[in-house]
Amino acid sequence: MSQSFDTSELPWTDFSDLNGLPENSWTAAAIGGSRYDQLFVIGGVVWNVTTDPLVFTFDTGKKEWSRPDLGGSPPIRRREFQAVTNSESRIFCFGGLEDKATTAKSDTNTTFSNEMTVLDTLQGSWVLKSTLGAPLPRADSTAILLSSGHIVYLGGRQANGQFVAMNEAWIFDTKTFAWTSMKTTGKAPQSRNGHSAALTTDGRIILYGGINFNSTQPNSDVYILNTATSPYEWSQPKIENGVTPRAFHTATMVKNFMVVAFGIEPDTGSSSSVYILDASDKERYVWVTKFNPDRPLTPYPQPSTKRITLIIGFTVGSVCLVVLAGAFAFIYYKCHGRNTRRSSNPINYNSNPEHSIVSNDNIYLNHDPFNTTPPRTPTFEHSEVPKNRTRFPQQQKGPSSPLQNSFNSSHTPHSNNSSTSSSFVVQRNQQPHVTGGALYPVSSDNVDQTERASDQPEKFFINREVQQISVPRQSLFITNP
């Protein structure tokens, strides 16, 4: 693959005369070794499962086959699974099935596997054999190793005759040995087995061919799974120069070209032909007959400057918004919190003659500013009165007072939108008294230790717009409902 060639004249090199490898099929193959110069052929169907080893290796430098002596606990021989190698020269094998063709027992039933086994090619030992957290058993799925060290498994068939949905990707972390599942987006292909998958340099998985569920014939579909997004996204690109449908083939990515070889075709059955898909253009996938290794690679996508700027701007804007909201809440609390506390704690004038209260509209006369004695615990209860009725009793038991007479004779009900003020006379030698939300004057005899004032009356005004005031004991402001 280091030289240009045409698919009509493939530069094959025949190694079939080399001794050491028995006839086999349905095996899995992956590279390994310290320099990735060894090919490991694992499992599959052989003539003699009792004498033939589970693993064969081919040294690409010496052009020799060998039977390595591996340590650890080897897995059961199985077929129709995929093997991939990570950056630490470890080969990961998942799934497949075992039957009488892979065992020495003629009565063995077909058993699907969901076991993950790991072969360390540097140590020459099996280091893992586990089903912990694995998906359901399956065979004929594809396995793609991403640059992040995650293996993506797609499709395949299960023991119950069903096929695995293609919108569900199972991901195995080669660093932590943990499984996760992901629901992909976009238009996923139909469920299938015997398909192939290859990874481009910019994170696209190209899926090709296979046999769909409820079908017996291969297809030539091409789908793209973009792993640069989260979750992964499916799409079906435009394809130029169609090829013959194929299943149970191989697909290898060489720079920007996907090389498809062998497999099964609808008319001829087994095939030895090779197809090449040019994937250098994301918007235009073309089946070609010539391979050119000098074509530049498609770089892996990096976050754009515009996207980074948007992320930074959004973060800074969010922080500023939170700060402004906090400042507004603090100012609101400082301005209105004191009023709320005062409104929720009215003072009972019966308990402390130094305080005057008028409620029913949440209007209170606060603690005398010239008195240092703190207010007592409030016991006032608010009572609801209809808007068209005065909150002051028209008739109360006991002697009448100038306050009642003045209010009853001069007050005219106003609407809630009115801003007109009314006035009445309050004698200094009388103190208001509140009970049940109503106001009426009380004789000075009932007020202990009250400072006597002049007999001359003083006028004070009722202002409907006043919300809360603080005045001396002898002053009184009332909001008309």
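The values are calculated or read from the model by the stated rules, or taken from the named source; none is laboratory data. None of the values given here were measured: they were computed from a predicted structure. A quick note on method: Cβ atoms are made from the backbone with ideal geometry, for glycine too, and the neighbour counts reach across all protein chains shown. When the accessible area is computed, the model is the full protein with side chains, heavy atoms only, and any ligands, DNA or RNA have been set aside. Shrake-Rupley method; radii C 1.70, N 1.55, O 1.52, S 1.80 Å.
Taking every pair of alpha-carbon atoms in the stretch 1-115, what share in percent sits in each 5 Å bin, from 0 to the bin with the longest distance?
Here the calculated profile for the stretch 1-115 is 2, 10, 18, 21, 19, 14, 8, 5, 2, 0, 0.
Which of the three applies to the stretch 171-296, rounded, prolate or oblate, going by the alpha-carbon gyration tensor with a ≥ b ≥ c and a/c under 1.5 meaning rounded? Mind showing how you got there, number by number?
On the way: a/c = 1.65, a/b = 1.20, b/c = 1.37.
Since a/c reaches 1.5 but b/c is at least a/b, the shape of the stretch 171-296 is classed as oblate.
Got a sec to turn the phi values of the stretch 213-226 into Karplus ³J(HN,Hα) couplings, 6.51 cos²θ - 1.76 cosθ + 1.60 with θ = phi - 60°, whole Hz, x for Gly and Pro?
Residue by residue, the stretch 213-226 yields 4, 6, 9, 10, 10, x, 10, 10, 5, 10, 10, 10, 10, 7 Hz.
Say R0 is 51 Å: what FRET efficiency, to the nearest 0.05, do Ser130 and Cys335 get from their beta-carbon distance?
Working: r = 64 Å, r/R0 = 1.26.
The formula returns an efficiency of 0.20 here.
5 Å is the cut-off here: which amide hydrogens, built 1.01 Å from N in the peptide plane, fall below it relative to Glu64, excluding neighbours closer than 5 in sequence?
When sequence neighbours closer than 5 places are left aside, the close amide H contacts are Asp59.
Solvent-accessible area of Cys335, probe 1.4 Å, all protein chains present, reported in Å² to the nearest ten, please.
80
Check each of the trypsin sites (Lys or Arg not before Pro) in the stretch 178-238 and keep only those in coil by DSSP with at most 12 other C-beta atoms within 10 angstrom; list them in order.
Answer in residue order: Lys187, Lys238.
Could you tell me which of Leu21, Gly44, Val55 has its Cα farthest along the dipole of the stretch 1-74 towards the positive end, charges placed at Cβ (Lys, Arg +1; Asp, Glu -1), taken about the Cα centre?
Positive-most Cα among the choices belongs to Val55.
Take the Cβ-Cβ distance between Phe5 and Ser318 as r, set R0 to 45 Å, and report the resulting FRET efficiency rounded to the nearest 0.05. Before the final figure, lay out the partial values.
Details: r = 56 Å, r/R0 = 1.24.
Step by step, r from the Cβ atoms, then E = 0.20.
For the stretch 54-124 and the stretch 194-272, compute the distance between their C-alpha centroids and round to whole Å.
25
Rounded to the nearest 0.05, what FRET efficiency is calculated for Lys238 and Asn214 with R0 set to 30 Å and r the Cβ-Cβ distance?
Values: r = 27 Å, r/R0 = 0.90.
Calculated transfer efficiency: 0.65.
Quick query: amide H of Ala83 versus all other amide H atoms, modeled in the peptide plane; which residues come in under 5 Å with a sequence gap of 5 or more or a different chain?
Ala29
With a sphere of radius 15 Å drawn around the Cβ of Ala159, what net charge do the other residues whose Cβ falls strictly inside it have (Lys, Arg +1; Asp, Glu -1)? It would help to have the intermediate numbers written out before the result.
On the way: positive: Arg78, Arg79, Arg138, Arg157; negative: Glu80, Glu98, Asp99, Glu115, Asp140.
Residues near Ala159 contribute -1 overall.
What order, most packed first, do the peptides 66-73, 49-56 have when packing is the mean number of other Cβ atoms within 10 Å of each residue? If you can, show how the numbers build up before the last one.
Numbers: 66-73: 13.0, 49-56: 15.9.
Ranked from most to least packed, the peptides come out as 49-56, 66-73.
Which of the trypsin sites (Lys or Arg not before Pro) found in the stretch 94-156 are loop residues per DSSP with 11 or fewer other Cβ atoms within 10 Å of their Cβ? Please report the intermediate quantities before stating the final value.
Numbers: sites: Lys100, Lys105, Lys129, Arg138; in loops: Lys100, Lys105, Arg138.
Taking the stretch 94-156 and a limit of 11 other Cβ atoms within 10 Å, the loop trypsin sites (Lys or Arg not before Pro) found are Lys105.
Using the Karplus curve 6.51 cos²θ - 1.76 cosθ + 1.60 with θ = phi - 60°, what ³J(HN,Hα) values do you get for each residue of the stretch 321-329, in whole Hz, with x for Gly and Pro?
Result, ordered by residue: 5, 5, 5, 4, 5, x, 5, 4, 5 Hz.
How large is ³J(HN,Hα), in whole Hz, for each residue of the stretch 5-22 in order, when computed from phi with the Karplus curve 6.51 cos²θ - 1.76 cosθ + 1.60 and θ = phi - 60°, using x for Gly and Pro?
Whole-Hz 3J(HN,Hα) from phi for the stretch 5-22: 7, 10, 5, 7, 9, 7, x, 6, 10, 8, 10, 5, 7, 6, 8, x, 10, x.
Can you pull the one-decimal nm distance between simple spin-label points at Ala101 and Trp12, each 7 Å off the Cα toward Cβ?
The two pseudo-label positions are separated by 2.2 nm.
GluC sites (Glu not before Pro) within the stretch 1-79: which are DSSP loop residues with at most 10 other Cβ atoms inside 10 Å? Numbers along the way, then the final one.
Working: sites: Glu9, Glu23, Glu64; in loops: Glu23.
Here the sparse-neighbourhood loop sites are Glu23.
Once amide H atoms are placed 1.01 Å from N in the peptide plane, what residues at a sequence separation of 5 or more from Ser125, or on another chain, have their amide H within under 5 Å of its amide H?
Distant-sequence amide H within range of Ser125: Gly71, Asp120.
Here is the link list: Lys105/Lys129; Lys63/Lys105; Lys183/Lys282; Lys183/Lys238; Lys129/Lys175. Which ones come out longer than 27 Å on Cα distance? Please list the in-between numbers first.
On the way: Lys105/Lys129 23 Å; Lys63/Lys105 34 Å; Lys183/Lys282 23 Å; Lys183/Lys238 24 Å; Lys129/Lys175 15 Å.
Pairs exceeding 27 Å: Lys63/Lys105.
If you add up the charges near Ile76, with Lys and Arg at +1 and Asp and Glu at -1, over every other residue whose beta carbon is less than 10 angstrom from its beta carbon, what do you get? Present the calculation step by step, with values, prior to reporting the outcome.
Numbers: positive: Arg77, Arg78, Lys129; negative: Glu98, Glu115.
Result for the neighbourhood of Ile76: +1.
Relative to the Cα centre, what is the charge dipole magnitude of the stretch 16-109, using +1 at the beta carbon of each Lys and Arg, -1 at the beta carbon of each Asp and Glu, and rounding to the nearest 20 debye? Spell out each step's value before the answer.
Numbers: 10 positive and 12 negative charges, 26 e Å.
Its charge dipole is roughly 120 debye.
At 7 Å along the Cα-to-beta-carbon direction for both Thr229 and Gln162, put a label point, then send me their distance in nm to one decimal.
So the two model labels end up 2.7 nm from each other.
What net charge do the residues around Arg284 carry, taking every other residue with its C-beta under 11 Å from that of Arg284, with Lys and Arg at +1 and Asp and Glu at -1? Could you put the intermediate results ahead of the total?
Details: positive: Lys238, Lys282; negative: Glu240, Asp278, Asp281, Glu283.
Computed value for this residue: -2.
I'd like the Kirkwood hydrodynamic radius of the stretch 98-225, using the inverse of the mean 1/r over distinct C-alpha pairs, in Å.
Details: mean 1/r = 0.0623 Å⁻¹.
Every distinct Cα pair counted, the radius reaches 16.1 Å.
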